[in-house]
Amino acid sequence: MPFLFLDFLNQMDFKLKKIERLYQKKEIDSLFKGGKSLLEHPFKVVFLFEKEDKQQIIYHPIKVAVSIPKRKFKKAVDRNLLKRRTKEAYRLNRNQLRENLLKENNSLKLLLIYLEKNELPYKVIEDKIILILQRLQAVHEETFQ
């Protein structure tokens with residue numbers, strides 16, 4: 001019984017670990033070569049769904065990166081604030097998409113690019129991230145069903 005509880009806690013983990021981040025140049029290049037994009041203002045989203053082997057056990061099926069252009073936000077403090085807001089909104093709302101990807105043995109590479117020239121409040125960013133995750137869920141269902 002304790003093992004099942006620990007497994008449940010592992011799946012409901014709300015941390016954004018390094019293994020969940022998209023940072024390797026090779027992975028980012030493959031995302032831009034084979035990925036698709038969608039626009040949900042203030043974000044442009046570049047994503048790539050991949051089918052995984054049954055033998056591979058995926059605990060973290062989504063790899064995500066956040067980009068805030070230096071051209072629009074000169075100060076690193078401003079860029080870091082927007083990155084923190086975006087990552088936090090993603091981290092708290094990703095579980096539904098994550099569970100569906102785990103069920104179907106699929107993975108997702110995801111890049112969120114902030115396009116707005118002004119800083120938006122956290123609530124607006126969170127609402128947009130939720131919409132993005134719902135749209136990605138719909139695209140996933142279309143692609144693999």
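The values are calculated or read from the model by the stated rules, or taken from the named source; none is laboratory data. Only a predicted model underlies this, so the values are computations on that prediction, with no experimental measurement involved. Quick reminder, even Gly has a Cβ in these numbers, built from the backbone with ideal geometry, and neighbours come from all protein chains shown. Please note that ligands, DNA and RNA were not included when accessible areas were found on the heavy atoms of the full protein model with its side chains. Shrake-Rupley method; radii C 1.70, N 1.55, O 1.52, S 1.80 Å.
Of all residues in the range 111-125, count the ones that are open to solvent by 30 Å² or more (accessible area, probe 1.4 Å) and over 14 Å from Ser37 (Cα atoms).
Residues meeting the conditions: 9.
Looking at the range 102-138, which of its residues are within 14 Å of the chain's Cα centre (by Cα) and assigned to a helix (DSSP H, G or I)?
Scanning the range 102-138 gives Ile125, Glu126, Lys128, Ile129, Ile130, Leu131, Ile132, Leu133, Gln134, Arg135, Leu136, Gln137.
Examine the range 60-78 for a residue that is of a type outside the set (A, V, I, L, M, F, W, C) and in a helix (DSSP H, G or I), and state whether such a residue exists.
The answer is yes; a qualifying residue exists.
Output the residue which, of all residues in the range 80-101 that are out of contact with any helix residue (DSSP H, G or I) (no Cβ under 7 Å at 6 or more places or on another chain) and either basic (Lys, Arg) or outside any helix (DSSP H, G or I) (or both), is farthest from Ile125 (Cα to Cα).
Step by step, filter the range 80-101, then rank; the result is Arg98.
How many residues are of a type in the set (Lys, Arg) and surrounded by 13 or more Cβ atoms within 10 Å (Cβ to Cβ) if we restrict to the range 16-56?
Residues in the range 16-56 being of a type in the set (Lys, Arg) and surrounded by 13 or more Cβ atoms within 10 Å (Cβ to Cβ): 2 in total.
Which pairs do you get when a residue that is modelled with pLDDT of 90 or more, found in the range 11-33, comes within reach of a residue that is of a type in the set (Phe, Trp, Tyr), reach meaning Cβ atoms under 8 angstrom, with the pair 6+ apart or on two chains?
Pairs that qualify, where the first residue is modelled with pLDDT of 90 or more and the partner is of a type in the set (Phe, Trp, Tyr), are Leu31/Phe47.
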